[in-house]
Amino acid sequence: MRLDITRRDFLKLSGGTAAMLGLSQSWVPKIALALEQAAQRPPVVWMSFMECTGCLESFAKSVNPSTADIVLDIISLNYQENIMAAAGTQAEADLKNTLDKGGYIAIIEGAIAVGIPEAMMVAGKTSLDLVKEVTQNAAATLCVGTCAAYGGVQAMKPNPTGAKGVKDAIGIETVNVPGCPPNPAHILPTIVHYLLFNKLPDLDSDGRPLFLFEQKIHDNCERRAHFDAGRYVGEFGTPEETLQYCLYKMGCKGPETHSPCPKTLWNAKQSWCVKCGNGCIGCMEPDFWDRFEDFYQRLPNVPIPGFVGVKTSADWVGSTLVTATMAGIGIHAIASAATGRYKKHPDIPVKEVPKSKGPSEGSED
Ligand code: FSX
Ligand code: SF4
């Protein structure tokens, strides 16, 4: 075993990885073994195309394990333009050797210029040619970041270069770990899954590992109880913000974004967007630059749990919950109100919103 990280850190890493993979702690020794056996560390070639290098920045800030631990002990990073030791002809030779041998993991960062290939060139080759070359003999292709996965900011309308994610650009299957930037805590477990089971993880319809991206931000958000109770921040700088009410009205895209951010957290598990007080901008979703164009505009319709078959706005449910609570009726009654049944009963006021001087609950703005 060539691991230089301390045994304590190593077991912590294995334990944390087991949790991320949804495995019991009894898997920790197997994960440890898989990582140890990565003494034949899997060769990795990391290529960057149209992007801002935020993905590598994020990866470079990895802790537990640190970037150095990953690069020196867990994988064999044979080519990465920003952090590799080799340069010039030596670097090109390393790349060619790895590609010729095959069986490596290709990590792609950044979008591919498909419409105008010359818009993105490295050493005289277009990104379209390079991505074909680098993925041709790969055992697996991992797209790191929303740009490589789905096109990202370059593909935003009007998309002048015809930018696309790798799958759409060259028609190969990819494992996508999106995010703008992606979380290093999502990248490593994806690689470990491959080492452990010798196959790619099950993916959702957007190519994301299901063990990470099956649930939505909204499913695990620490402010969810406020959402369900109809308590929202309606404006920054208000008591509702201080009370850390739900950010739905401030444009939070958590109800439509698949990601484990509230569980994995960021920056050595210190925080994440919603905890910092800003709504989720949906950066793990395809086309989020266009689909969620105004990050501070509330989502028009959000499904409310417990209201089977009802899709209504949280504005309306917020006010209805408060009114219904005041009227002493329960959740089923509120569901009935949501389906319109109470419209026949004018005695039950479902739309009146009580005014309060303190932090409002479900207030209309
Ligand atoms: Fe894209 Fe990565 Fe956003 Fe930037 O390289 S996912 S623009 S954080 O850096 O590709
Ligand atoms: Fe959390 Fe956003 Fe959902 Fe509110 S809308 S509970 S802030 S994810």
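Of note:
- Sole exception among (1) open to solvent by 40 Å² or more (accessible area, probe 1.4 Å); (2) away from ligand 2 (no atom under 16 Å from the Cβ) for ASN220, by number: (2)
- Residues satisfying the stated conditions in segment 116-138, i.e. assigned to a helix (DSSP H, G or I) and either within 16 Å of ligand 1 (Cβ to nearest atom) or modelled with pLDDT under 95 (or both): ALA119, SER127, LEU130, VAL131, VAL134
- Looking at LEU212, LEU203, just one residue is open to solvent by 30 Å² or more (accessible area, probe 1.4 Å) and either without any contact (Cβ under 8 Å) to a residue 12 or more places away in the chain or closer than 30 Å to ILE75 by Cβ (or both), and that residue is LEU203.
- Any hit, segment 232-242, residues being away from ligand 1 (no atom under 16 Å from the Cβ), β-branched (Val, Ile, Thr), open to solvent by 50 Å² or more (accessible area, probe 1.4 Å) and in a helix (DSSP H, G or I): yes
- Residue within segment 68-87 that is open to solvent by 50 Å² or more (accessible area, probe 1.4 Å), within 23 Å of THR190 (Cα to Cα) and small (Gly, Ala, Ser) present: yes
- Options ILE187, ILE172, ILE191; residue that is modelled with pLDDT of 95 or more and within 19 Å of TRP46 (Cα to Cα): ILE172
- Pair list, Cβ < 9 Å and 6+ apart or interchain, from segment 280-292 residues that are over 11 Å from CYS147 (Cα atoms) and within 13 Å of ligand 2 (Cβ to nearest atom) to residues that are in a helix (DSSP H, G or I) and among the hydrophobic types (A, V, I, L, M, F, W, C): CYS280/ILE217; CYS280/CYS261; CYS280/CYS273; CYS280/VAL274; ILE281/CYS273; ILE281/PHE288; GLY282/ILE217; GLY282/PHE288
- The C-beta contact set for segment 95-113 (first residue among the charged types (D, E, K, R), second residue part of a strand (DSSP E or B), distance under 9 angstrom, 6+ apart or interchain) comprises LYS101/PRO43; GLU109/TRP46; GLU109/MET47; GLU109/SER48; GLU109/CYS143; GLU109/VAL144.
- Evaluation of GLU256 against (1) under 14 Å from the mean Cα position of the chain (by Cα); (2) open to solvent by 50 Å² or more (accessible area, probe 1.4 Å); (3) within 16 Å of ligand 1 (Cβ to nearest atom) (one fails), failing number: (3)
- Residue in segment 103-114 that is part of a helix (DSSP H, G or I) and open to solvent by 30 Å² or more (accessible area, probe 1.4 Å) present: no
- Yes/no for GLU36 being over 23 Å from TYR194 (Cβ atoms), acidic (Asp, Glu) and at pLDDT below 95: no
- Long-range neighbours under 6 Å by Cβ, at least six apart or interchain, first residue open to solvent by 10 Å² or more (accessible area, probe 1.4 Å) within segment 161-188, second modelled with pLDDT under 95 and assigned to a loop (DSSP other than H, G, I, E, B): PRO184/SER62
- Considering (1) of a type outside the set (Asp, Glu); (2) away from ligand 1 (no atom under 14 Å from the Cβ); (3) over 19 Å from TYR104 (Cβ atoms), the lone condition that THR141 does not fulfil carries the number (3).
- Considered as a group, the residues in segment 266-297 that are aromatic (Phe, Trp, Tyr) and not in a loop (DSSP other than H, G, I, E, B) include one that is nearest to PRO181 (Cα to Cα), and that residue is TRP266.
The values are calculated or read from the model by the stated rules, or taken from the named source; none is laboratory data. Note that the coordinates shown come from a computational prediction; the quantities given were computed from them, not determined experimentally. Neighbour counts run over all protein chains shown; Cβ positions are idealised from the backbone, glycine included. Heavy atoms of the whole protein, side chains included, go into the accessibility calculation; ligands, DNA and RNA do not. Shrake-Rupley method; radii C 1.70, N 1.55, O 1.52, S 1.80 Å.
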